[in-house]
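The values are calculated or read from the model by the stated rules, or taken from the named source; none is laboratory data. This is a predicted model, so every value here is computed, not measured. All Cβ positions, glycine included, derive from the backbone under ideal geometry; neighbour counts span all protein chains shown. Surface accessibility is based on the protein's heavy atoms, side chains included, excluding ligands, DNA and RNA. Shrake-Rupley method; radii C 1.70, N 1.55, O 1.52, S 1.80 Å.
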Amino acid sequence: MPYRVWYIVKYLDSFLGSFYLSKSNTIGINISTGDKMNVMTHIIAYINSRYKPLPEIPSVRASNYTINISPFDKELIKIIESLGGDKVQLTYSIPKLM
């Protein structure tokens, strides 16, 4: 069980998506509908008000929360940067060479 918590995001009678916090201090957010900027802002505020990152373990988990975003998801990148997020890593998938 790599997750600390997992939430379904609902507003009135509509399910907007979900988010989770992992034990490695990563945040996973999947929003399928609604005002993405508003929903993301509320999710980040909710997390910050209720959960502190777990203590850092070098080479295992960072001291702050991190979120992985597709480089093609320009809207989410813009939202996270507007909330004060900093790019800390680029991750590449390496094709099988043999």
(message) I'm checking my understanding of the structure. Among residues of the range 10-35 that are aliphatic (A, V, I, L, M) and open to solvent by less than 60 Å² (accessible area, probe 1.4 Å), which one is farthest from ARG61 (Cα to Cα)?
(response) LEU16
(request) With the condition kept exactly as written, say whether any residue in the range 45-58 is open to solvent by less than 50 Å² (accessible area, probe 1.4 Å) and of a type in the set (D, E, K, R). (result) no
(message) Here is a check on your reading of the model: is ASN38 buried (at least 18 other Cβ atoms within 10 Å of the Cβ) and not β-branched (Val, Ile, Thr)?
(response) no
(message) Need pairs with beta-carbon distance below 7 Å; first residue open to solvent by 70 Å² or more (accessible area, probe 1.4 Å) and within the range 76-90, second at pLDDT 90 or above and among the hydrophobic types (A, V, I, L, M, F, W, C); sequence gap 6+ or separate chains.
(response) LEU83/ILE44
(message) Given the condition modelled with pLDDT of 95 or more and among the small types (Gly, Ala, Ser), answer yes or no: does some residue in the range 65-84 qualify?
(response) no
(request) Those residues that are in contact (Cβ under 8 Å) with a residue 40 or more places away in the chain and either open to solvent by less than 50 Å² (accessible area, probe 1.4 Å) or in contact with a helix residue (DSSP H, G or I) (Cβ under 8 Å, 6 or more places away or on another chain) (or both), I need them from the range 59-75; list them, please. (result) TYR65, THR66, ILE67
(request) Would you please list the contacts, defined by Cβ atoms under 8 Å and residues six or more apart or on different chains, that run from a residue in the range 4-16 that is closer than 10 Å to ASN30 by Cα to a residue that is open to solvent by 70 Å² or more (accessible area, probe 1.4 Å) and assigned to a loop (DSSP other than H, G, I, E, B)? (result) LEU16/SER32
(request) List the number of the failed condition for GLU56; all other conditions in (1) at pLDDT 95 or above; (2) farther than 24 Å from THR91 by Cα hold. (result) (2)
